[in-house]
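Take a look at the structure set out below.
The values are calculated or read from the model by the stated rules, or taken from the named source; none is laboratory data. Here the structure is a predicted model, which is why all the values come from computation and not from measurement. Cβ placement follows ideal geometry from the backbone for every residue including glycine, while neighbour counts extend to all protein chains displayed.
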Amino acid sequence: MDEQEQVAAFLDRHDLTGEPAYRILDLASEVGEIAKDATTSTGYGADPDALDVSTDELGDALFSLLAVCEALDVDAGDALREAIDKYDRRMAETGDPGSGE
């Protein structure tokens with residue numbers, strides 16, 4: 001995945017290697033920023049039509065997720081294909097992509 005290579009190059013260029021656990025904590029923080037945008041823009045869900053999530057925050061979360069993939073030596077494209085295959089199987093079996101757990 002080209003995006004993962006871009007993130008890897010950025011991390012390497014700026015000597016920003018990190019332990020996977022720290023990368024995962026950073027990802028959780030970035031996803032929290034998306035949730036904050038959703039929460040505040042909708043008045044804590046009172047006005048769902050007012051949803052406004054910053055593309056910058058989405059980009060930060062994507063960067064962090066790809067950094068996690070790099071730290072764990074996981075190909076993000078392969079992981080995505082695996083997830084889509086799993087959801088396809090679930091849809092075929094139950095009509096719902098959720099795990100039911």
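Observations
- Looking only at residues in segment 63-101 that are modelled with pLDDT under 95 and of a type in the set (Asp, Glu), the one that is nearest to Arg23 (Cα to Cα) is Glu101.
Residue by residue, here is whether (1) of a type outside the set (Ser, Thr, Tyr); (2) in contact with a strand residue (DSSP E or B) (Cβ under 8 Å, 6 or more places away or on another chain); (3) without any contact (Cβ under 8 Å) to a residue 40 or more places away in the chain holds:
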position: Ser29; (1), (2), (3): no, no, yes
position: Asp37; (1), (2), (3): yes, no, yes
position: Leu51; (1), (2), (3): yes, no, yes
position: Asp56; (1), (2), (3): yes, no, yes
position: Leu66; (1), (2), (3): yes, no, no
position: Leu72; (1), (2), (3): yes, no, no
position: Asp88; (1), (2), (3): yes, no, yes
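- Which numbered condition Met1 misses (of (1) at pLDDT 95 or above; (2) under 16 Å from the mean Cα position of the chain (by Cα)): (1)
- Any hit, segment 72-95, residues being touching an Asp or Glu at 6+ places or on another chain (Cβ under 8 Å) and of a type in the set (Ser, Thr, Tyr): no
- Those residues of segment 6-23 which are among the aliphatic types (A, V, I, L, M) and more than 17 Å from the chain's Cα centre (by Cα), in sequence order: Ala9, Leu11, Leu16
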